[in-house]
Number of protein chains: 2
Amino acid sequence: MEVSKVEIRFGCGRQAIRLLSSFMMDIRATLRARLDAAVGSAQVLTAPGDIAPYLTDWRGRFHGNAQAVVRPGTTHEVADVVRACADARVPIVAQGGNTGQCGGATPQPGSEAVVISLARMNRIRAVDAANATMTVEAGATLVAVQDAAAAAGLLFPLSLAAEGSCTIGGNLSTNAGGTGVLRFGNARELTLGIEVVLADGRVWDGLRGLRKDNTGYDLKQLFIGAEGTLGIVTAAVLKLFPAPVTRATAFAALADVPAAIDLLRAMKQALGDRLVGFELISGPSLALTRRQFPSLPDPLPGHPWYALVQADDSAANSPLAAALEQALAAALERGTVDDATVAQSGEQADSLWALRENIAEAQRLDGPNIKHDISLPVSAIPRFLDEAETALTVALPGLRFVTFGHLGDGNLHYNLAAPAGVAPETFLAHTPVANRIVHDLVAAHGGSISAEHGIGQQKKDELTRYKSAVELDLMRAIKAALDPAALLNPGKVL
Amino acid sequence: MEVSKVEIRFGCGRQAIRLLSSFMMDIRATLRARLDAAVGSAQVLTAPGDIAPYLTDWRGRFHGNAQAVVRPGTTHEVADVVRACADARVPIVAQGGNTGQCGGATPQPGSEAVVISLARMNRIRAVDAANATMTVEAGATLVAVQDAAAAAGLLFPLSLAAEGSCTIGGNLSTNAGGTGVLRFGNARELTLGIEVVLADGRVWDGLRGLRKDNTGYDLKQLFIGAEGTLGIVTAAVLKLFPAPVTRATAFAALADVPAAIDLLRAMKQALGDRLVGFELISGPSLALTRRQFPSLPDPLPGHPWYALVQADDSAANSPLAAALEQALAAALERGTVDDATVAQSGEQADSLWALRENIAEAQRLDGPNIKHDISLPVSAIPRFLDEAETALTVALPGLRFVTFGHLGDGNLHYNLAAPAGVAPETFLAHTPVANRIVHDLVAAHGGSISAEHGIGQQKKDELTRYKSAVELDLMRAIKAALDPAALLNPGKVL
């Protein structure tokens, strides 16, 4: 029974409103009873203090409301919860580790949604070493998945800063990237099968562990990266890889970004897929990091650009370091590289990586920032950087550029720091201007305004701005086909 | 204006039928005029002799009809043709090189379809070496794409028997597999962006060359592998890789399939992604091939199973052969491998590959076969083989098993040859019985009844039999959302 029908039957008087409101309370009571029946009342949270942590993202930038947070323990329970919500026409927001960057897991302000936390569904269902796969539930943390793979002598290569608390369901729903994309791809490429609770509460069991399967539409691709707007991922079959046992790390000084692109190509040629990391770092980014963290090394002082190169090999006794050194020597000889150093120990390698990993924290300590998670065709990056720097410097004189990122994936963290002496609020007021310049140029060069963080609430308007009408229509057609009542994570993505 | 409305207006008498038939002729005349206007009349074929090659698959197993074959030269022309067909409610069958295995590009018998041949859209639009991508039109042959990559010093790794005549549009639409899947994935994994003409004639330009892009639903995934039932792929951005310059090939004798799985794992560990081929060959398959091709070598006579192992490296002077030999020696010592040989020259490597590549032809010369293109979790293959052999031997005593395939992908060519002395027609009459036994066991072990060939017309009923109701519903919902009038390649896949 739909609310609108009741409204029509009782007309519009005060009596009708009273009846309607009591009817809504009935719906709520009925829904509550069904949620209790589905997961047990201990797993249905409604007290403001209990649900508060689920209503705000981890950085406190998005705040929403919900009538309840439900914590199912099985796929069957998720299905029951979704069916109950669907019958009551109540929106549903799926939430994993709540570590998203764009508010995709935070319900909307004023919402009557039910938040479904997948956190209790955290079992590793199976590890199949001979097939190099594992089957895990959506609420397993990324680190738990990595650990289970390692216990079987294998590698699950997805790795990102939030790995201790983010969950695999969230990783898949946002098609997470991270540091291993160059070699292993995004979460999408690491997934062979999924289990999904659909908008009407039916369960699609697509938990296949196959590397070749051409039987009809590849439906899993729709749900991966859909940020919970098309269905709720409850489990997945993931690919595993041989564990790396040999590692070599180098740091190279470069005159400009085209030289970095040349070096990337030479490293791919020399190392093949043993090249697992190729991070670009601008001189100013490095200087800023060393200013905030003076104990960090300064391996090759005074160059405009740097590349951090890492190679892994699963073979014991691999002559990997020799191959890396040889490729660097050739690059020095060609003039691609101005200077280079290869880490002589694990500690040295770690301290080189610390230069890269501490940039974000150094920026936080340094002052306010306007950040962009963008990607471009690698070949377009030099021109994009030139054009963006010119346009931004005109618009915001004195701006400092903190540019770094995963060059191998074309993914830049293109961050803008306030000119010296400018107050934070004054600077941050320029965010819309800066975003428009950066995103317009990204679009002009065939890039992406969200390389790895997704859309969520934060970039919904930007998505509408930059996607073609045809693409938006296609997305809406898919949404309408899979979630006709528009109950799954409303206000996100589309 | 819809035909059905006309029918209602004029009633059902003889006069009405005459009017309706003249109206249909008008539609046809109008459609013909629009097709001529779209592509030029020289590219609209209607004479039976001209269109015949497009109405039958290359093996002559599927035969259909069409009112015309249209050969557009640009995406814009494809769009005009689709719009004209959509307005006239005429079905559309896209066709590339017409090399499919399942009748997916052959129109249905009695059909009034328009076949759109993409053959003239064969340009390499761009090669971007720094981004390691190329943009190609759907009608480019696979070999032309490989050649264009090679000319830029790079590799496009998709490779399959029909590569001289199959087209990249067909490769994407069937998510082609081939010999490089272990290392490089299927056609899907090699595609970064596509351009598609939709069912209503609109063009979706998704030609992005990005390795990270999380801006909404990944729509390209829907069209890849959809066999032209959701849209017509007109162009694609493909990934390129460093070209291999070092190669090592080995042949190993094994006691059983579990030993082959152990060796696969050891080779992955030792060689990482330099392992590009791991082919399983049964002793009887090898014996059959050598009987038909006595000039081929017999490197390790008398073992029940063999593995053909190939490793490639893009680095010059790579100690690849040494790594392969070392891994084989360790496997011999562990008892995983009973005997092994490493090719000492390109000629030796070619002759080892000839043992594998000639199995299909040897089977053809030997007599009738019942073939299966299946995949399984690698770990399930030994049990599947035991159970299938037992069940099939009971059902069809004397059956000969010709088992080989891409073990690294879990993809078996599971072929059954007639017992000695059984007439071909008698044997082939057992095909339904054999298919049922094999496909039931594949399904029971979580496998796929079509690993790389797709569904087309041939396996439509099998798809319906083995997919869950939920999955079929999801596929139908997607189809209805993207092709509501069901004009794109009717009778295929779903």
What does chain A give for Rg and for Dmax, in Å, if only its C-alpha atoms count?
24.8, 87
Rounded to the nearest 100 Å², the accessible area hidden between A and B, summed over both chains at a 1.4 Å probe radius, is 6700
Note the full-extension length gain between A:D205 and A:A354 as 0.36 nm times their separation in residues minus their Cα-Cα distance, in nm to one decimal.
49.4 nm
Mind grabbing the accessible area of A:Y54 for me, 1.4 Å probe, Å², rounded to tens?
40
So how far, in whole Å, is the C-alpha centre of region B:331-390 from the one of region A:387-426?
57
Quick one: dipole size for region A:363-412, taken about the Cα centre, charges +1 on Lys/Arg Cβ and -1 on Asp/Glu Cβ, in debye to the nearest 20.
140
Keeping all protein chains in position, work out how much accessible area B:V337 exposes to a 1.4 Å probe, and write it in Å² to the nearest 10.
0
Residues of B:466-475, mean number of Cβ from any other protein chain within 10 Å of their own Cβ, rounded to a whole number?
5
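Find the percent of Cα-Cα distances in the protein assembly as shown that exceed 58 Å, and round it to a whole number.
12
Among bridges DSSP assigns within the protein assembly as shown, what percent are antiparallel (round to 5)? Spell out each step's value before the answer.
Numbers: 122 of 138 bridges.
That works out to approximately 90 percent antiparallel.
Whenever you get a sec, line up A:H406, B:H413 from highest to lowest accessible area (probe 1.4 Å, protein heavy atoms). Can you show the working numbers first?
On the way: A:H406 10, B:H413 30 Å².
Most to least solvent-accessible, the answer reads B:H413, A:H406.
Could you tell me whether region A:161-256 comes out rounded, prolate or oblate from its Cα gyration tensor? Rule is a ≥ b ≥ c as square roots of the eigenvalues, rounded for a/c under 1.5, then prolate if a/b exceeds b/c, otherwise oblate. List each step's numbers first, then the result.
Values: a/c = 2.41, a/b = 1.92, b/c = 1.25.
Prolate, because a/c is 1.5 or more and a/b exceeds b/c.
Quote to one decimal, in nm, the extra length available between B:S295 and B:D50 on full extension: 0.36 nm per residue of separation minus the C-alpha distance between them.
Values: separation 245, 0.36 × 245 = 88.20 nm, distance 4.23 nm.
Extending this stretch completely gives an extra 84.0 nm.
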Along Cα→Cβ, 7 Å out, is where each label goes; now give me the distance between the ones at B:E347 and B:S165 in nm to one decimal.
3.2
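With r defined as the distance between the Cβ atoms of B:R436 and B:A330 and R0 fixed at 30 Å, what FRET efficiency is calculated, to the nearest 0.05? The partial results should precede the final answer.
Working: r = 43 Å, r/R0 = 1.42.
About 0.10, to the nearest 0.05.
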Of all accessible heavy-atom area on region A:72-179, the percent that carbon and sulfur account for (1.4 Å)
52
Using the crude model of +1 on Lys and Arg Cβ and -1 on Asp and Glu Cβ, and no other charge, please compute the dipole size for region A:330-433 relative to its Cα centre, in debye to 20.
260
Provide the per residue accessible area, probe 1.4 Å, for the protein assembly as shown, rounded to a whole number of square angstrom.
38
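Arrange the residues A:S159, B:S21 by how much accessible surface each exposes, largest first, with a 1.4 angstrom probe. Working shown, then result.
Numbers: A:S159 35, B:S21 60 Å².
So the residues, ranked largest to smallest area, are B:S21, A:S159.
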I need the inter-copy label distances for B:R125: point set 7 Å along Cα to C-beta, values in nm with one decimal, smallest first.
4.0
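Students often check this: by mean Cβ neighbours within 10 Å, which of A:221-229, B:186-194 ranks highest, and how do the rest follow? Display every interim value, and only then the final one.
Working: A:221-229: 26.0, B:186-194: 22.6.
Going by the mean number of other Cβ atoms within 10 Å, highest first, we get A:221-229, B:186-194.
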Set the Förster distance to 22 Å, then compute FRET efficiency between A:A42 and A:L20 from the Cβ-Cβ distance, nearest 0.05.
0.10
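Quick check on region B:136-205: take the gyration tensor over C-alpha atoms, sort the square-rooted eigenvalues as a ≥ b ≥ c, and tell me if it's rounded (a/c under 1.5), prolate or oblate. Before the final figure, lay out the partial values.
On the way: a/c = 1.83, a/b = 1.60, b/c = 1.15.
Prolate, since a/c reaches 1.5 and a/b exceeds b/c.
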Over the heavy atoms of A:E452, what accessible area does a 1.4 Å probe trace out, to the nearest 10 Å²?
20
Which value, in debye to the nearest 20, describes the size of the charge dipole of chain B about its Cα centre when Lys and Arg Cβ atoms bear +1, Asp and Glu Cβ atoms bear -1, and nothing else is charged?
1420
Taking beta carbons within 10 Å but only from partner chains, what does the mean come to for residues A:450-457?
3
Region B:255-314 versus region A:132-162: alpha-carbon centroid distance in Å:
31
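The values are calculated or read from the model by the stated rules, or taken from the named source; none is laboratory data. Since the structure is predicted, the reported quantities are computational estimates derived from the model, not experimental observations. Counting neighbours? That spans all protein chains shown, and the Cβs are built from the backbone with ideal geometry, glycine included. Just so you know, the surface numbers come from the protein's heavy atoms only, side chains and all, with ligands and any DNA or RNA stripped out. Shrake-Rupley method; radii C 1.70, N 1.55, O 1.52, S 1.80 Å.
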